[in-house]
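What follows is a single structure, written as structure tokens, with notes after it.
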């Protein structure tokens with residue numbers, strides 16, 4: 001599909017039909033509270049990510065975005081509340097079990113292995129599709145050769161989809177940052193998730209690279225649900241069907257991009273007096289990497 005067509009698809013239509021509020025969501029956080037010592041990072045926060053939609057999470061610096069993301073992908077266990085995946089409460093969700101629930105995620109730190117090729121990095125993400133798995137191929141377990149061939153094929157398909165197949169034999173440190181981010185996204189997609197969690201995918205990208213990212217994300221909603229934590233407002237408004245806004249650990253707004261733009265609480269807490277800031281090229285600074293951020 002041409003990039004221009006993908007970008008057009010990525011732009012949500014506020015007047016289009018939205019998923020029923022009674023339908024079982026792909027992911028639901030119910031009244032989630034997280035405390036770090038005497039600091040409450042999230043207070044009874046909740047959201048519903050509908051199937052086949054892109055759901056954005058935004059908020060000022062320190063609003064709770066990173067903490068909410070870490071709860072959703074199992075890095076943090078909430079002190080109160082529930083994480084619900086397609087109606088099933090995940091009481092002991094752990095990051096290494098995400099794939100078993102049809103979930104994948106990318107992180108700001110990317111988490112690529114510098115001493116593995118791009119192709120091998122992506123194959124790690126396809127591990128659940130083989131009986132022996134990628135680690136089994138490294139240990140030469142029975143049946144590992146057949147599994148390796150299947151995993152390699154899946155990984156190459158993911159690289160081709162993101163238009164980076166020509167870099168398959170290179171190593172991450174030799175790639176520009178924008179390409180390394182695509183490698184991380186390919187690794188998440190190769191597992192064929194039905195829910196993709198993206199943490200600040202646009203950080204460090206140029207305006208042109210963000211347009212390409214918008215096209216990629218916009219093309220995913222036909223296959224899966226996407227939860228996007230991001231501070232670049234132009235990207236959020238372009239690709240998201242629904243947006244949840246956090247401030248001081250609480251949800252202050254939830255709705256379509258148009259509704260969020262006009263919400264007085266959002267304007268007061270996040271945008272100041274200039275609603276046009278939503279269309280700015282950059283948003284607030286990335287959350288500080290401290291446990292009480294979020």
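Laboratory data are not the source of any read-out in this text; all were calculated from the coordinates shown. If you're wondering where the values come from, they're calculated on a predicted model, not measured in any experiment. A quick note on method: Cβ atoms are made from the backbone with ideal geometry, for glycine too, and the neighbour counts reach across all protein chains shown.
Between the beta carbons of residue 24 and residue 153, assuming R0 = 30 Å, the FRET efficiency works out to 0.35 to the nearest 0.05.
Placing dummy labels 7 Å off each Cα toward the beta-carbon, the span from residue 100 to residue 178 is 3.9 nm. If each residue of separation counts as 0.36 nm, what is the full-extension length gain between residue 208 and residue 259 once their alpha-carbon separation is subtracted? So the extension gain works out to 15.7 nm.
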